[in-house]
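First up is the structure itself, then whatever we jot down about it.
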Amino acid sequence: MNNENSNNNNIRSGSQTGYTGNYRKQTTRSKNYSYNNKYNSRQTKPGNGKYQDRQSRPPFKGPVKNMGKSPVRRGRRPSSKLKIIPLGGLEQIGMNITAFEYEDSIVVVDCGLSFPEDDMLGIDLVIPDVSYLKENISKVKGFVITHGHEDHIGALPYILKDVNVPIYSTKLTLGLISNKLKEHNLTRSTKMKEVKHGQVINLGDFSIEFIKTNHSIQDASALAIYSPVGIVVHTGDFKVDYTPVFGDAIDLQRFAEIGRKGVLALMCDSTNAERPGFTMSERTVGKVFDNLFNEYKTSRIIIATFASNVDRVQQIIDTAYRFGRKVAVEGRSMVNIIATASELGYLRIPDQTLIDIDQVKNYPDEQVVLITTGSQGESMAALSRMAASIHKKITIKPNDTIIFSSNPIPGNEKAVSKVINELSMKGAKVIFQDAHVSGHACQEEIKLIYSLVKPKYAVPVHGEYRHLTAQAHVAEGLGIPKENIYILSSGNVLEMDAQSAEVTGSVHTGAILVDGLGVGDVGNIVLRDRQHLAEDGIMIVVMTLERHSNVVLAGPDIVSRGFVYVRESEDLMDHAREVVENALDSCLDRNITDWGKIKTVVKDALSDYLWKRTKRSPMILPIIMEA
């Protein structure tokens with residue numbers, strides 16, 4: 001193994017911590033921020049080795065190879081500043097993507113999507129506008145992904161078509177990304193490189209170390225981004241869980257080691273920054289499941305949770321096995337993630353425990369557990385279809401016990417409440433309390449990371465404005481000067497070095513809407529039309545004119561959709577037809593022959609009449625046919 005990796009100079013074990021020797025000692029900061037000179041000299045002694053990586057070969061297209069030069073030549077004073085450019089993910093939940101730029105190198109951290117808001121009618125997904133990356137494509141060295149949630153990886157299949165650079169992440173994260181790329185036929189054209197926790201990759205002028213953290217999905221990472229001007233720590237989404245279901249606890253020791261070297265900036269998860277205290281361990285949910293399974297021994301149990309929460313799924317399977325129940329899985333995303341996680345060794349399923357959804361009917365209720373999607377009330381998710389009695393294979397029965405092992409994401413409360421009501425109407429017992437813990441750090445965990453890292457600058461990330469502000473207050477309470485705390489908006493350019501930091505401008509950002517196979521072809525004008533149609537309906541006026549004389553040969557005929565029910569509004573439609581005829585006559589009397597002008601006159605006249613009569617303004621679409 002050592003021979004295999006001795007030439008693998010771009011991945012270096014974090015336990016060897018071999019990067020600060022390349023960075024200029026900071027003389028303008030307190031001892032808390034100075035780099036460890038003893039550490040630096042140790043790394044440069046002859047015979048200290050080539051930072052050998054003792055990890056096994058990654059399965060995704062081989063081990064990472066050197067992608068760039070050493071970040072900074074020894075003794076060279078950095079002449080430029082580091083730019084931190086959030087292209088999404090601020091002042092909102094989701095669509096996380098941040099660019100780090102130094103001279104001719106750009107590294108992109110995460111590439112997520114967000115889900116449409118209520119007024120985005122017909123939109124499936126929202127992805128970030130990466131025009132800045134397209135314009136600087138020669139500088140972009142790669143995507144570095146912290147973990148496998150949709151708000152961090154979901155936009156990759158769309159963005160890679162324009163910004164096709166290598167992807168670096170941990171094993172499970174790459175497995176989930178690989179599934180998404182297969183759906184878009186991008187697997188062959190995309191390079192994916194597996195990185196283990198504690199390893200470091202070189203990308204242009206940057207070196208990036210992956211640090212073990214805990215989250216509601218396994219293989220989550222924080223990043224130590226070594227730049228020529230200093231170290232930036234990006235926590236990704238995280239919590240401090242001392243008793244995780246799978247794997248090790250968060251590597252607090254490594255955070256402390258990096259903090260002793262001197263950290264320029266900390267970009268910390270803000271999602272739960274308003275909540276005091278600590279986030280409960282994921283293991284506590286397992287105890288809740290034990291109690292619920294014991295209480296509802298005679299019921300068929302259906303549990304709705306996030307598909308990506310592999311630890312939660314593991315605890316459900318373990319509890320079901322202990323109680324002698326078979327487990328069936330429903331929901332495409334749930335099936336895909338469980339298959340990937342079990343294949344890669346992140347999910348342990350006892351033999352003969354998992355059954356196909358078609359076999360559920362062959363077992364008595366007290367021997368079955370169903371794990372399903374739909375915990376957020378999504379209209380087409382499996383649980384929602386069961387609640388609406390339109391699921392082909394599962395019918396809700398009065399004796400069923402349904403457990404919501406999640407909290408509603410802000411904005412989804414009404415949809416979740418609707419599903420709960422529908423399930424309750426069918427006689428099912430619905431449990432939606434105490435069966436979930438968050439995957440994000442609360443205030444005391446955020447304080448812990450700040451205390452270990454001791455950053456000069458604080459840059460709250462991941463959350464709405466109120467979440468970012470809450471973390472800013474936490475940082476200020478820990479002694480970070482207010483002027484060193486930066487609450488950014490998407491597109492801001494924050495330039496910093498060891499002496500100063502300031503927002504120097506902005507780049508173009510925005511949201512690109514995905515509707516079916518169309519990416520970006522639906523914009524504000526189309527959405528406004530959809531909103532208009534949804535609110536007021538449409539009236540189509542069809543008339544046939546002779547081309548040269550403009551004599552009306554047929555019509556006008558009026559078709560209404562979504563405005564009024566024609567059979568019950570014949571008087572209104574007759575008067576509307578008269579208004580159109582009068583408008584046409586006035587155009588002929590004034591010798592108006594331009595069809596565009598005729599359409600405008602007809603539209604204005606009909607719109608005025610309908611508003612006076614109904615106080616509504618439907619979309620009016622005049623159509624002139626030539627004969």
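Residues in the range 429-452 that are aliphatic (A, V, I, L, M) and either open to solvent by 50 Å² or more (accessible area, probe 1.4 Å) or under 21 Å from ALA470 (Cβ atoms) (or both): VAL437, ALA441, ILE446, LEU448, ILE449, LEU452. Among the residues in the range 285-299, are any more than 23 Å from LEU488 (Cβ to Cβ) and touching a Phe, Trp or Tyr at 6+ places or on another chain (Cβ under 7 Å)? Yes, the conditions are met somewhere in the range 285-299. Summed over the range 96-134, residues that are in a loop (DSSP other than H, G, I, E, B), among the aliphatic types (A, V, I, L, M) and open to solvent by 10 Å² or more (accessible area, probe 1.4 Å) total 3.
Scanning the range 572-610 for residues that are of a type in the set (Val, Ile, Thr) and at pLDDT 85 or above, we see that the one that is nearest to PRO556 (Cα to Cα) is VAL580.
Within the range 364-376, the set of residues being open to solvent by less than 70 Å² (accessible area, probe 1.4 Å), touching a Lys or Arg at 6+ places or on another chain (Cβ under 6 Å) and not aliphatic (A, V, I, L, M) comprises just one member, ASP365. Here GLY154 passes the criteria (1) touching a residue at least 60 places away in the same chain (Cβ under 8 Å); (2) touching a strand residue (DSSP E or B) at 6+ places or on another chain (Cβ under 8 Å); (3) not aliphatic (A, V, I, L, M) except the one numbered (1).
If you check THR284 against the conditions, is it over 20 Å from HIS149 (Cα atoms), hydroxyl-bearing (Ser, Thr, Tyr) and out of contact with any helix residue (DSSP H, G or I) (no Cβ under 9 Å at 6 or more places or on another chain)? Judged against the criteria, THR284 is a match. Restricting attention to the range 567-621, the residues that are of a type in the set (Lys, Arg) and open to solvent by less than 40 Å² (accessible area, probe 1.4 Å) total 0. Hey, does the range 378-393 have a residue that's among the basic types (Lys, Arg), open to solvent by less than 20 Å² (accessible area, probe 1.4 Å) and touching an Asp or Glu at 6+ places or on another chain (Cβ under 8 Å)? No - not one qualifying residue is present in the range 378-393. Within the range 418-453, which residues are closer than 27 Å to TYR242 by Cα and among the aliphatic types (A, V, I, L, M)? Selection gives ALA435, VAL437, ALA441, ILE446, LEU448, ILE449, LEU452, VAL453. Residue pairs whose Cβ atoms lie under 6 Å apart, separated by 6 or more positions or on different chains, with the first residue in the range 238-252 and surrounded by fewer than 14 Cβ atoms within 10 Å (Cβ to Cβ) and the second assigned to a loop (DSSP other than H, G, I, E, B), are TYR242/ALA249; THR243/SER281.
Residue check, MET425 against (1) in contact with a Cys (Cβ under 9 Å, 6 or more places away or on another chain); (2) of a type in the set (A, V, I, L, M); (3) exposed (fewer than 15 other Cβ atoms within 10 Å of the Cβ), all met but one. Which one? Every condition holds for MET425 apart from (1). Looking across the range 536-553, the residues that are open to solvent by 40 Å² or more (accessible area, probe 1.4 Å) and modelled with pLDDT under 80 come down to GLU546, ARG547, HIS548, SER549, VAL551, VAL552, LEU553. Strands (runs of 3 or more DSSP E) fully within the range 213-322 that include at least 3 residues being under 28 Å from ARG466 (Cβ atoms) and within 25 Å of the chain's Cα centre (by Cα): 221-227, 230-234, 263-267. Looking for something on the phi < 0 side of the Ramachandran plot, charged (D, E, K, R) and open to solvent by 20 Å² or more (accessible area, probe 1.4 Å) - is there at least one such residue anywhere in the range 201-215? Yes, there is a match, as at least one residue in the range 201-215 is on the phi < 0 side of the Ramachandran plot, charged (D, E, K, R) and open to solvent by 20 Å² or more (accessible area, probe 1.4 Å). The numbered conditions (1) in contact with a helix residue (DSSP H, G or I) (Cβ under 6 Å, 6 or more places away or on another chain); (2) open to solvent by less than 10 Å² (accessible area, probe 1.4 Å); (3) of a type in the set (S, T, N, Q) are all true for THR187 except (2). Determine which member of the set THR504, THR469 is open to solvent by 10 Å² or more (accessible area, probe 1.4 Å), more than 30 Å from ILE403 (Cα to Cα) and part of a helix (DSSP H, G or I). The unique qualifying residue is THR469. Mind listing just one residue for me: the one in the range 77-94 that is in a loop (DSSP other than H, G, I, E, B) and open to solvent by 10 Å² or more (accessible area, probe 1.4 Å) and, of those, modelled with the highest pLDDT? If we take residues in the range 77-94 being in a loop (DSSP other than H, G, I, E, B) and open to solvent by 10 Å² or more (accessible area, probe 1.4 Å), then LYS81 is modelled with the highest pLDDT. Of the residues making up the range 280-314, those that are crowded, with 22+ Cβ neighbours inside 10 Å and of a type in the set (S, T, N, Q) are THR305, SER308, ASN309, GLN314.
The rows are residues; the columns are (1) modelled with pLDDT under 95; (2) polar (S, T, N, Q); (3) more than 15 Å from VAL329 (Cβ to Cβ).
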{"position": "ILE349", "(1), (2), (3)": "yes, no, no"}
{"position": "ASN362", "(1), (2), (3)": "yes, yes, yes"}
{"position": "SER379", "(1), (2), (3)": "yes, yes, yes"}
{"position": "LEU383", "(1), (2), (3)": "yes, no, no"}
{"position": "ILE390", "(1), (2), (3)": "yes, no, yes"}
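When the residues of the range 484-501 are filtered to those that are closer than 18 Å to ASN96 by Cβ and small (Gly, Ala, Ser), the one that is surrounded by the fewest Cβ atoms within 10 Å (Cβ to Cβ) is SER489.
The residue that is nearest to the chain's Cα centre (by Cα), counting only those in the range 166-182 that are open to solvent by 10 Å² or more (accessible area, probe 1.4 Å) and over 17 Å from MET334 (Cβ atoms), is SER178. Scanning the range 611-627 for residues that are touching a Ser or Thr at 6+ places or on another chain (Cβ under 7 Å) and either among the basic types (Lys, Arg) or not in a strand (DSSP E or B) (or both) gives TRP611, SER617, ALA627.
The values are calculated or read from the model by the stated rules, or taken from the named source; none is laboratory data. Everything quoted here is computed from the prediction, not taken from an experiment. Cβ sites come from the backbone with ideal geometry, for glycine too, and all protein chains shown count toward neighbours. The protein model used for the area step is the full one, side chains on, heavy atoms only, and it has no ligands, DNA or RNA in it. Shrake-Rupley method; radii C 1.70, N 1.55, O 1.52, S 1.80 Å.
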